[in-house]
Every structure is written in structure tokens, then in C-alpha cells.
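Q: This is the structure, below, for whatever I ask next.
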Amino acid sequence: MTEHTPLTDDTGVTGEPGGARIRDHPRFLRLWLSQAGGAVGDQLLPVALSLYILREGGGAADVGLVLAGRAIALVGCLLIGGIIADRLRRTRVLIGADFFRAVVLLATALLLTRLPLGLLPVITALVGAGEALSRPAYRSLVPALLPDRLLERGNALVSAVHRGSAVLGALAGAAAVTLIGIRPALLITAAVFALGAVAVLRVPEAVRRTGPRSAILGEAAEGLRAIRRRPWVMVVMGTVCLHLFAGSATALTLLPVIARDEFGGEIAYGYVLAAMGLGALPAIAVAGRWRPKARGTVSMTALTCYALLPLSLVGPLPLPLVVLSFAIGGFVVELYFVYWLSALQRAFPEDQLGKVFAMDQLGAYALLPVGYLLVGPFVELFGTTATLVGGGVVVAASSLLCLLVPGVARFENVTESEEKTMGRNVADPR
């Protein structure tokens, strides 16, 4: 386990003392507040563009392409973002990523009527690239600004902003297209990103003392080796990859089409997505205070319920039950996420966290673009029901099988005594 200690700022003064409460750490709170706006923008854009495409005559395949654009950018840029986060000031990375997204969305709003629908996936890809650069930097800053005992609470607050903004983004995206149109929505989102960048300017970052830097590929290989020495990390990453490929891609691609055809329109789409964000909020409170020893067992067992996302759309169920199913999905994902994020922050040295978080996200999103692109063809070949049921089965089965790997049950390295108990001769990766 890595112990996180206060760093030294530019003046040589040590960082904030290890206060017992989150409010004793104002640097963390300023960073947390600064990123709330960007989280709203990241959620609003794909919702608004998906509904815009359907209004312009597109179908499930076109929606899948727009969603795939963001996912492809995340896969392509997350590792670069992680390496940059370990090389540069992380606050500067956040400022640059926010301003970049603001400029892209401003240009899109001004040129929207001249853009063919086929170029909209490029827009989501560019905004996704900015998101990919910011994620590792943001998450890597948390353990530098909080003591170890507050990591769960800090990560719970990070998740609260993300999930709360998911609710606002989903509802705002649906409402904007319905009430004011796509162009004002894009302009508002651009302004939100710009304000987030300005807010980060007020977050002083301590200087990290790092050793000599290797080549970029060497740093990537170093992060991969660190993960491979912890098999439980690799297995959980692979499981979540399957969840996004089979569960998220299937449900999120077909949801706007089903909402339009079965639930009476676009607002229902926003309600269902917002329910997922609302469902996550109680999980954030639970994970911030409940610390079970078998965090992995709790997390992966709960994630079997993520299968409700595609399964609730079979038929589909009545809208209130679909809303409830997505709310449960949001709850279990967030419970897992808070425990998982804290486990990674404890398991890896501070100077590797940027790369580790990037690879975690890269692994999760690796098959998501493929999933988005395959939903349309799968529906054509096997039908909507079979596609949704297959996605749910993959999610539930992979969650339970993951628990068979040593270390997953507690989200930590297996100790020597536990290895002997299991009759295994495995070297401690630490």
C-alpha cells in the first residue's frame, strides 16, 4: 500500500495538514467544484447530438456512430493523457483540456447548419479527446490533496459531481433540443467548459519530485508492467470492459430509439438517463462511509445488476420500471467505482497514478466503440430482443466469474499468508 504524504509547493511550504474532515482541505474542494461544469458538458453533448440526429432523420446506426466517436477518442487518447498527467502540472492539463473543448463546441455551434450529420461523430471525438486528457489528471490529483483515510470520501464527492452532472446533462440535453434547439445547447456547454478552466486557475498544485523521465513508450510500458504485477487489477479491468461492450453499448444505442417509438418522445430518453445519475447518488453516500473488508466481493456482486440496463429494454418494460432499472444500474456502478478508485490510489505509487488511471479507462473503453458499431448489425441479424438479452447475460456472468481470481475479493494484493492458505506459490507483486 502506498502512503500519500503532503507535497511541497513552489515556496517550499508543505501542503495542507491532514485534517480529519473534507472541508479542512480547501485545495481539494476548489478542484472538485471546478470540474463539476465539465462533467455536465460531457454528459449533455452526446444526449443532445443523439436526439438531433434522430430529428434529422437518422437511426440507431447513426446514433451509434456519434457515441462511438467519443469512445474511440477515449481509447485513443487516455494513455497519452495519463503520461502527460505524470509529466506536467496536472492543473495545467485540466485547464488546457477545458479550453480545448470550449473552442470545439463554440465552433460547432457557429457552423452547425453547414455540417453534415456524418461529421458529428468527429465533434464527439474531439470533445472526447479533451475528456481523455482531463480524466487521469483529475483523478491523480485527489490522493495528493487528501490524506489516505479520506480517500473514499473524496472519491465519493468526485463521483457525486460526476453523477449529479449526469442527471443535469441528460435532462438538459433532452430539454435543450426540445425547447431551445441544439445550437443554444452547444453554446451553453462551451461556456461551462470555459468557466471550469478559469476555476482551475485558482487551484495551486504542489511540485512533484520525480526521477528521470524515459521515453513515452517506455513510460507506457512501465505502467503496464505495474498493472501486470497485480493480476486482480487486470481481471477487474477486463470485466468492466465487457460490461461497457455488452451492456452500455447495447442499452445506450437502442434507448433513444425505443424511447421515441415506445415511450412517446425525447423527454423519456432524458428521464431514463437522469435516473441512472440519480440512482448513483445514494451509492456515493454509502461508499463514502461503509468500508467492508471484502470491497471487491461487494462491488462485483452488485455489478451483476448492471445487466438490468439492457434487460429492461426487452419488450420493453413499462417506462417506470425502465427508469427504476437504470437507477439501480447507476447505484451499483457508483458503489463499485468509489471502492475501485480508492483501491488503485492505494495500490500504486503516486508517480504512476496518471498512467494507471489512463490504462484503467483505456481498458474499460477498449471495446466500447466496437460495441456501438455492432449494435446496428446485431439488431439486423438477430433482432432487438436477442441483442439486449445477450448483453445482459454477458454482464451478469462476467461479474461473478471475476470473483474467482485471488485479490479481487478485497481489491488488494494477496498476502503471503493468504497465498499459503490457497496453496499457491505466487510472489507478492509489491
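Q: Once the Cβ-Cβ distance between L179 and L319 is put in as r, and R0 is 25 Å, what FRET efficiency do you end up with, to the nearest 0.05?
A: Once rounded, the FRET efficiency stands at 0.75.
Q: Points 7 angstrom from Cα along the Cβ direction at D351 and T113: gap in nanometres?
A: 5.6
Q: For the pair D261 and L381, how long in nm is the line joining their label points, each one 7 Å along Cα→Cβ?
A: 1.9
Q: Over all alpha-carbon pairs in the stretch 234-360, figure out the percentage whose distance exceeds 16 Å.
A: When all Cα pairs of the stretch 234-360 are counted, 64 percent exceed 16 Å.
Q: Follow-up question, since we're still on this one. Can you figure out the FRET efficiency of V103 with T304, using R₀ = 60 Å and their beta-carbon distance, to the nearest 0.05?
A: Calculated value: 0.90.
Q: Among 126-139, 284-297, 385-398, how do they line up by average Cβ neighbours within 10 Å per residue, starting with the highest?
A: 126-139, 385-398, 284-297
Q: Based only on other Cβ atoms within 10 Å, what is the fewest-to-most ordering of Y365, Y271?
A: Fewest to most other Cβ atoms nearby, the residues stand as Y271, Y365.
Q: Take S50, S159 and order them by how many other Cβ atoms sit within 10 Å, fewest up front.
A: Neighbour counts put them in this order, fewest first: S159, S50.
Q: Once the Cβ-Cβ distance between K293 and L404 is put in as r, and R0 is 22 Å, what FRET efficiency do you end up with, to the nearest 0.05?
A: Calculated value: 0.75.
Q: Here's a follow-up. For L187 and R92 in the same chain, what is the full-extension length gain: residue separation times 0.36 nm, less their Cα-Cα distance, in nm?
A: My answer for the length gained is 31.8 nm.
Q: Can I ask one more? By how many nm would the segment from D24 to A397 grow when fully extended, if each residue of separation counts as 0.36 nm and the alpha-carbon distance is taken off?
A: The D24-A397 span can extend by a further 130.0 nm.
Q: Quick one: D261, D42, fewest Cβ neighbours within 10 Å first, how do they rank?
A: D261, D42
Each reported figure results from applying straightforward, stated rules to the coordinates on display, with no laboratory input. Note that this is a predicted model, so its numbers are computed, not measured. Methodologically, a virtual Cβ is constructed for each residue, glycine included, from the backbone with ideal geometry; neighbour enumeration extends over all protein chains shown.
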